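Single-structure report; data block below.
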Amino acid sequence: MIRVELVSLLRSRRTWATIALVDALPVIVAVLLAVTDLGPRPGTGPAFLSAVLTDGTLYPLAALAIVLPLFLPIAVAVFAGEAIAGEAQQGTLRYLLLRPVGRTHLLIAKLVGVMAFVVLTVLVVAATAYLLGIGLLGHQSVTASAPGTASVSGTSLSTPELVARTFAALGYAMLCMLGVASVALFASTLVRSPLAAAMGALALLVGSTLLLTLDAADPLKPYLLTRYWLAFVDLFRDPILWHDLVRGVLLQLGYVVVFLGAAWANFATKDISD
Amino acid sequence: MKVIRTEGLTKRFGRITAVDGVGLDVREGDVFGFLGANGSGKTTTVRMLLGLVLPTSGTVEVLGEPMPARRASVLPQVGALVEGPAAPPHLSGRRHLALLDAAGPGSRRTGRAGRVDDALEQVGLGGVDRRPVRTYSLGMRQRLGLAAALMRRPRLLVLDEPTNGLDPAGIQEIRRLLLDLNAAGTTVLVSSHLLSEIERTCTRVGVLHAGRLVLQDDLASVCGPTGLLVVDTPDPHLAARLLVGRVEAVDGERLLVRDQDAASVNAALVGAGVPVRSLHAQRRSLEDVVLDATSRQAIA
Ligand SMILES: Nc1ncnc2c1ncn2[C@@H]1O[C@H](COP(=O)(O)OP(=O)(O)OP(=O)(O)O)[C@@H](O)[C@H]1O
Ligand SMILES: [Mg+2]
């Protein structure tokens with residue numbers, strides 16, 4: 001089932017269309033920056049965006065910061081929301097279970113499919129951003145052939161260090177998306193309509209983002225889904241600021257365990273009567 | 001051997017009891033006709049047999065093993081069509097069957113294309129091209145669903161309204177297919193509202209009424225002769241006078257005669273100069289049996 005799921009994902013035109021859409025935003029931003037040379041002032045706008053004009057190799061991270069808060073999680077919520085509810089609505093769920101594909105196995109296969117989509121999207125975004133970064137942006141670091149890249153704290157990072165930390169940041173972003181996927185997958189086992197499942201997950205996402213801007217929600221904040229999503233920026237401080245990152249990883253794992261557990265508990269004993 | 005056996009099978013959805021204490025008994029080699037009005041609980045029962053819906057109470061055994069506990073070992077030997085076929089609309093029928101086959105356990109890649117072609121051939125979709133299922137007609141979808149059920153040469157076929165949407169020729173084709181498969185050893189449980197189809201294919205029938213199994217018997221014994229003869233004659237008065245004491249009813253030029261021996265009745269009538277257009281033993285139609293069983297239950 002996992003193989004079938006992955007093959008279907010890769011062969012689906014929708015997968016690539018979604019990736020192209022998600023990828024379009026950082027491309028547009030890069031082109032605009034390159035044409036106008038007008039970066040946001042340091043400390044404002046999406047993370048890293050002020051730095052990329054001087055160092056294009058940082059653009060993958062800036063691109064990540066652009067798609068992570070909204071674009072990517074929406075796509076993940078839609079894909080994961082459709083996982084079970086979509087099969088149910090289409091009527092194919094019962095035939096998969098009769099094939100027989102075990103219910104737990106089916107959930108795992110669907111989750112693997114969604115995460116494959118996430119990995120693919122993040123890699124495509126990062127790769128395009130890297131090419132754009134060295135092609136269009138960051139004239140200074142390329143021409144001056146500086147020995148390393150400036151960290152957010154101002155000190156310089158060697159290239160291997162930068163590469164390692166960039167991949168760590170990509171991994172962190174994927175973990176955050178696993179949290180969204182778990183919530184949406186749970187919703188997908190709960191309702192009959194894929195749209196409703198995606199909306200459920202998006203409600204949590206938007207609610208979390210909104211509450212983070214509200215002082216009165218302070219006691220809730222450490223537990224909100226999106227609270228530590230942008231903490232990957234801390235990987236580029238010198239030394240690395242672990243505090244938020246560790247919390248972020250633990251919080252996402254918490255969401256994954258709770259919601260995947262709930263999805264499994266619900267789906268394993270559910271009456272399939274669509 | 002018992003192929004399907006349920007005891008006290010009950011399913012409640014909130015306040016309504018969809019299936020109520022059903023004790024099905026389907027034996028090896030049967031073509032079992034599963035009948036009942038709309039909403040009587042056929043599909044719900046079928047779903048419970050297959051482990052899709054969990055019973056509120058009661059037990060299910062399929063192919064000798066308890067369901068849903070042993071679905072991993074039971075379901076590979078079962079082909080099913082439950083409440084209409086379903087396939088992803090953007091795939092071709094061929095690709096859908098191949099993917100469904102690949103999704104499950106114990107499916108080898110070698111020979112898969114051949115198996116898909118065989119199954120399509122069996123249901124009369126052999127010539128189907130690469131058009132997506134979205135463009136299929138109702139009957140083509142139904143045939144594709146049947147092909148999916150037949151793919152792995154199951155020992156038991158569970159078909160919920162398989163002839164839905166088929167044209168007369170298609171219905172006949174599927175009837176032949178079921179009879180051939182049955183002759184080759186496949187046990188079949190088929191639910192349908194087409195009583196004439198059930199009458200032609202089934203060896204046993206079960207009738208559900210409001211979730212209860214009100215009849216379960218061999219088709220031959222419920223649809224057997226009623227012990228009456230139907231005599232069609234242009235001179236019913238003379239015939240009635242000759243057969244006095246044995247005539248149950250006169251309906252125009254048709255007489256119902258309580259007698260088992262058609263030959264001697266015929267001889268008596270013809271000998272006395274009564275012209276006989278036709279004379280045959282009356283049989284109960286399945287329709288009568290089903291209506292009878294359900295209305296008796298309704299009064300009780
Ligand atoms: N998921 C469900 N939730 C609530 N009620 C249900 C559910 N599924 C079935 N029912 C009810 O159970 C009863 C039996 O339904 P079922 O689909 O088994 O009937 P059926 O015999 O297959 O009818 P038909 O001939 O129309 O296909 C109906 O009253 C139906 O409304
Ligand atoms: Mg039904």
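Screening B:R175 with (1) in contact with a Lys or Arg (Cβ under 8 Å, 6 or more places away or on another chain); (2) of a type outside the set (S, T, N, Q); (3) within 16 Å of B:P85 (Cα to Cα) gives one miss only, at (3). Within region A:131-163, restricting attention to residues that are closer than 22 Å to A:L38 by Cβ and touching a helix residue (DSSP H, G or I) at 6+ places or on another chain (Cβ under 6 Å), which residue is modelled with the highest pLDDT? Looking at the filtered set, the residue picked out is A:L132. The condition (being closer than 22 Å to B:T43 by Cβ and at pLDDT 90 or above) is satisfied by just one residue among B:L146, B:L120: B:L146. The residues in region B:38-90 that are at the interface with chain A (Cβ under 10 Å from one of its Cβ atoms) and within 20 Å of the chain's Cα centre (by Cα) can be counted, and the count is 13.
Considering only residues of region B:16-49 that are within 13 Å of ligand 1 (Cβ to nearest atom) and either part of a loop (DSSP other than H, G, I, E, B) or free of Cβ contacts under 8 Å to residues at least 24 places away in the same chain (or both), which is surrounded by the fewest Cβ atoms within 10 Å (Cβ to Cβ)? Selected residue: B:N38.
For region B:84-132, the set of residues classified as within 16 Å of ligand 2 (Cβ to nearest atom) and surrounded by fewer than 19 Cβ atoms within 10 Å (Cβ to Cβ) consists of B:G84 only.
Those helices (runs of 4 or more DSSP H) of region B:218-291 in which 1 or more residues are in contact with an Asp or Glu (Cβ under 6 Å, 6 or more places away or on another chain) and either of a type in the set (D, E) or buried (at least 17 other Cβ atoms within 10 Å of the Cβ) (or both) occupy B:236-242, B:262-271. Before we move on, is B:D167 more than 14 Å from chain A (Cβ to nearest Cβ) and either out of contact with any strand residue (DSSP E or B) (no Cβ under 6 Å at 6 or more places or on another chain) or within 16 Å of ligand 2 (Cβ to nearest atom) (or both)? For B:D167, the condition - more than 14 Å from chain A (Cβ to nearest Cβ) and either out of contact with any strand residue (DSSP E or B) (no Cβ under 6 Å at 6 or more places or on another chain) or within 16 Å of ligand 2 (Cβ to nearest atom) (or both) - is met.
Against the conditions (1) within 16 Å of ligand 1 (Cβ to nearest atom); (2) touching a residue at least 12 places away in the same chain (Cβ under 8 Å); (3) more than 10 Å from chain A (Cβ to nearest Cβ), B:K2 satisfies every one except (1).
Out of region A:72-109, which residues are closer than 15 Å to A:W264 by Cβ and either away from every other protein chain (no Cβ under 12 Å) or in contact with a His (Cβ under 8 Å, 6 or more places away or on another chain) (or both)? Selection gives A:A80, A:A83, A:I84, A:L107, A:I108. For B:L138, state whether it is within 23 Å of the chain's Cα centre (by Cα) and farther than 30 Å from B:K2 by Cα. In short, yes. Residue-level check: of (1) within 14 Å of another protein chain (Cβ to nearest Cβ); (2) modelled with pLDDT of 95 or more, A:T269 misses just (2). Scanning region B:116-163 for residues that are of a type in the set (V, I, T), over 23 Å from B:C202 (Cα atoms) and outside any helix (DSSP H, G or I) turns up just one, B:V128.
Only residues that are out of contact with any strand residue (DSSP E or B) (no Cβ under 7 Å at 6 or more places or on another chain) and within 16 Å of ligand 2 (Cβ to nearest atom) were counted in region B:38-68, giving 4.
The values are calculated or read from the model by the stated rules, or taken from the named source; none is laboratory data. Quick caveat, the model's predicted, so the values are computed rather than measured. Quick reminder, even Gly has a Cβ in these numbers, built from the backbone with ideal geometry, and neighbours come from all protein chains shown.
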